[in-house]
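**Student:** One structure, as structure tokens, below. Some questions next.
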Amino acid sequence: MVNLLSNAAADSATHAALNGSAGRSFLDGAAHSTLSDANRRLEKALRYVSINEDVAERLRYPKSSLVVSIPVRMDDGSLRIFQGYRVRYDDSRGPTKGGVRYHPGVTLDEVQSLAFWMTFKCAVLNLPFGGAKGGITLNPKELSKFELERLTRGYVDAIADFIGPDIDIPAPDVYTNPMVMGWMMDQYSIIQRKITPAVVTGKPITMGGSQGRESATAMGAFFVMQTVLPRLGKSPENTTVAVQGFGNAGSIIAELLYKAGYKVVAVSDSQGGVYASQGLDIPSVRQIKESSRRLKAVYCEGSVCNDQEHSTITNEQLLELDVDVLVPAALENQITAENAGRIQARYIFEVANGPVTSDADAILENRGIQVFPDILVNAGGVTVSYFEWVQNRNGFYWSADKVNHRLEFAMKQETEHIWAIAQEQDIDLRTAAYVHALNRLDDAIRAKGTRDFYVS
Ligand code: NAD
């Protein structure tokens with residue numbers, strides 16, 4: 001049932017999948033490969049660093065990719081098999097770390113891309129982790145909670161040999177939450193016959209979760225914005241914002257910005273969005289979304305909706321609004337060569353992973369639109385996941401203030417580093433973030449020996 005691909009086998013399977021033929025570098029890219037697109041960023045950044053060629057070659061390929069079939073007994077008695085993945089991209093800097101996504105669009109290519117970004121993100125924040133990611137291809141909205149629990153436990157059964165507190169540590173991502181993480185930790189502990197909280201982060205507080213983990217991704221993005229927006233001449237009262245995606249990351253960043261005095265004029269979820277030129281009352285919108293589970297309820301005739309004049313918009317329209325700041329906080333590949341020419345925002349903060357494609361990067365840059373990259377902007381989540389892992393291993397737990405204070409310090413410090421690299425080398429912020437990460441990855445990979453060491 002479990003198909004564990006070793007490094008070499010996984011790599012050749014990956015190459016075959018990405019290339020469709022042997023002998024071509026997968027960086028040449030199969031059509032529609034998100035990993036090839038992610039690697040284009042690596043190739044660009046390599047032009048601005050002086051690192052060992054062995055290091056670059058290592059970082060072009062995922063270390064190992066596990067593909068599993070998960071049999072689940074459904075509530076009606078039938079059996080369904082779900083496809084799951086776990087990819088460990090690179091572990092030069094420590095055990096690998098990355099979320100698990102439940103979404104109908106999950107593929108091996110997507111999971112490998114997300115694991116690639118995690119590798120660079122952990123290096124940007126100087127966390128002692130490599131990068132990983134996991135996922136199951138399903139529409140979680142079609143499963144009952146019992147079915148979701150059985151599926152989650154089945155996934156852990158299938159990947160148990162591939163993860164562990166010193167090997168690879170999963171966390172939440174799209175459509176997974178603290179309860180799912182709690183099931184994962186519990187199932188892993190059953191398999192190991194010992195309570196092992198440090199195997200997963202993003203757990204409920206009572207199971208060893210950290211204060212501040214749920215808000216960490218948004219909070220980290222907020223600290224980046226607080227660092228850079230004032231120096232771009234933007235104060236909260238003269239800054240309009242649109243946020244795509246209204247889940248963990250999107251709804252919390254919208255609320256943090258609203259509370260800081262920014263005018264959040266549009267938000268959306270998978271069903272569509274709402275727009276109000278005078279600004280939305282985000283706490284009310286969150287309340288409606290949380291009670292109804294659907295942002296669509298905001299379109300209704302009813303109490304909060306009637307308090308505010310607003311119109312409905314599509315996700316495509318949201319992306320093209322005339323706002324100062326656009327915050328994509330849903331999925332990857334949202335701003336592409338097709339719509340980049342119509343984006344009107346002046347600044348894009350990538351709270352989602354990979355929302356802007358590399359083709360779109362070039363168009364946005366030519367149009368003077370500045371993109372603050374995912375591997376910095378959304379790194380608050382993995383940073384507090386690291387804090388959670390540290391707390392689990394110490395058995396000593398921190399206050400929310402301590403977590404947020406340490407998060408603020410880390411996010412602001414790395415933002416300053418990346419800003420300085422961009423200024424000094426006259427490069428865009430995404431490339432500067434990759435340069436920053438590459439220097440740290442280079443140190444770690446070189447420490448294990450490269451060609452220079454063996455031939456000299
Ligand atoms: P989530 O499941 O809590 O929310 C996802 C949101 O996106 C939902 O509101 C959903 O309705 C919306 N959505 C789905 N498809 C959409 C579409 N086509 N258009 C517009 N909205 C759509 O997920 P999340 O944890 O908030 O993750 C969102 C993004 O942030 C992902 O790219 C994820 O990888 C990234 N991220 C999350 C974390 C974290 O800690 N949760 C950390 C780093 C990065």
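Derivation of every value follows stated rules applied to the coordinates shown; laboratory data play no part. None of these values were measured; they are calculated from a predicted model. Please note: Cβ atoms are built from the backbone with ideal geometry, for glycine as well, and neighbour counts cover all protein chains shown.
**Student:** Counting other beta carbons within 10 Å of each residue's own, what order do 81, 195 fall into, fewest first?
**Tutor:** Fewest to most other Cβ atoms nearby, the residues stand as 81, 195.
**Student:** Taking the Cα centre of the chain as origin and charging only Cβ (+1 Lys, Arg; -1 Asp, Glu), how large is the dipole, in debye to the nearest 20?
**Tutor:** 980 debye
**Student:** For Cα pairs less than 8 Å apart in space and 6+ apart in sequence, what is the mean separation divided by the residue count of segment 39-120, i.e. the relative contact order in percent?
**Tutor:** The normalised contact order for segment 39-120 reaches 25 percent.
**Student:** Please report 277, 215, 358 as a ranked list, fewest other C-beta atoms within 10 angstrom at the top and most at the bottom.
**Tutor:** Ascending Cβ contact count within 10 Å gives the list 277, 358, 215.
**Student:** Which order, highest average first, do 162-168, 45-51, 371-377 follow once you tally other Cβ atoms within 10 Å for each residue and take the mean per peptide?
**Tutor:** Listed from highest to lowest mean packing, they are 371-377, 162-168, 45-51.
**Student:** Greater than 23 Å separation of Cα atoms is the criterion. Which listed pairs, 194/402; 63/412; 234/289; 263/289; 133/203, meet it?
**Tutor:** 194/402; 63/412; 234/289
**Student:** Send over the Kirkwood Rh of segment 35-90, from the inverse of the averaged 1/r over different Cα pairs, rounded to one decimal Å.
**Tutor:** Taking every pair of different Cα atoms in segment 35-90, averaging 1/r and inverting gives 14.4 Å.
**Student:** Continuing with this model, one more query. Let me know the Kirkwood hydrodynamic radius for segment 183-285, please, with Cα pairs as the basis and the value in Å to one decimal.
**Tutor:** Value: 15.7 Å, from the Cα pair sum.
**Student:** How high is the relative contact order of the chain? Use alpha-carbon pairs under 8 Å, at least six apart in sequence, and give a whole percent.
**Tutor:** Relative contact order comes out at 16 percent.
**Student:** Across all directions of projection, what mean area in square nanometres is found for the Cα convex hull of the chain?
**Tutor:** 22.7 nm²
**Student:** Moving on to the next point. What net charge is computed for the residues neighbouring residue 451, neighbours being all others with C-beta under 15 Å from the C-beta of residue 451, Lys and Arg scored +1, Asp and Glu -1?
**Tutor:** Net of charged neighbours comes to -2.
**Student:** Still on this structure, please answer the following. With no solvent and one equal point scatterer placed on each C-alpha of segment 298-456, evaluate the Debye formula and give log10 I(q)/I(0) for q = 0.08, 0.19 Å⁻¹, two decimals.
**Tutor:** Treating every Cα as an identical point scatterer, log10 I(q)/I(0) equals -0.37, -1.17.
**Student:** Now a separate question. State the Kirkwood hydrodynamic radius of segment 142-213 in Å, one decimal place, computed from all pairs of distinct Cα atoms.
**Tutor:** That comes to 12.2 Å for segment 142-213.
**Student:** Over its Cα atoms, what ratio of radius of gyration to 2.2 N^0.38 Å does segment 85-193 give?
**Tutor:** That ratio works out to 1.02.
**Student:** While we're on this one: Taking θ as phi - 60°, what are the ³J(HN,Hα) couplings along segment 90-106 by the Karplus curve (6.51, -1.76, 1.60), each to the nearest whole Hz, with x for Gly and Pro?
**Tutor:** 7, 10, 4, 9, x, x, 7, 9, x, x, 10, 10, 10, 7, x, x, 5
**Student:** Looking at the chain, send over the antiparallel percent of its DSSP beta bridges, to the nearest 5.
**Tutor:** If I count the DSSP bridges inside the chain, around 50 percent turn out antiparallel.
**Student:** A further question on this structure: What is the fewest-to-most order of 219, 184 by other Cβ atoms lying within 10 Å of their Cβ?
**Tutor:** 219, 184
**Student:** Hey, if you put +1 on the Cβ of every Lys and Arg and -1 on every Asp and Glu Cβ in the chain, which of 208, 98, 437 ends up farthest toward the positive end of that dipole?
**Tutor:** 208
**Student:** Mind putting together the pair-distance distribution for segment 417-456? All Cα pairs, 10 Å bins, whole percent per bin, short to long.
**Tutor:** Pair shares across the bins are 30, 35, 25, 11.
**Student:** Helix-only mean residue ellipticity at 222 nm, the chain, DSSP H runs n ≥ 4 weighted -39,500 (n - 2.57), per residue, nearest 500. What is it?
**Tutor:** Calculated mean residue ellipticity at 222 nm is -14000 deg cm²/dmol.
**Student:** On to the next question. Among DSSP beta bridges whose residues both lie in segment 161-294, state the antiparallel percentage, nearest 5.
**Tutor:** 50 percent
**Student:** Right, next: With the calculation restricted to Cα positions, what are the radius of gyration and Dmax of segment 324-395 in angstrom?
**Tutor:** For segment 324-395, the Cα-based Rg and Dmax read 15.3, 51 Å.
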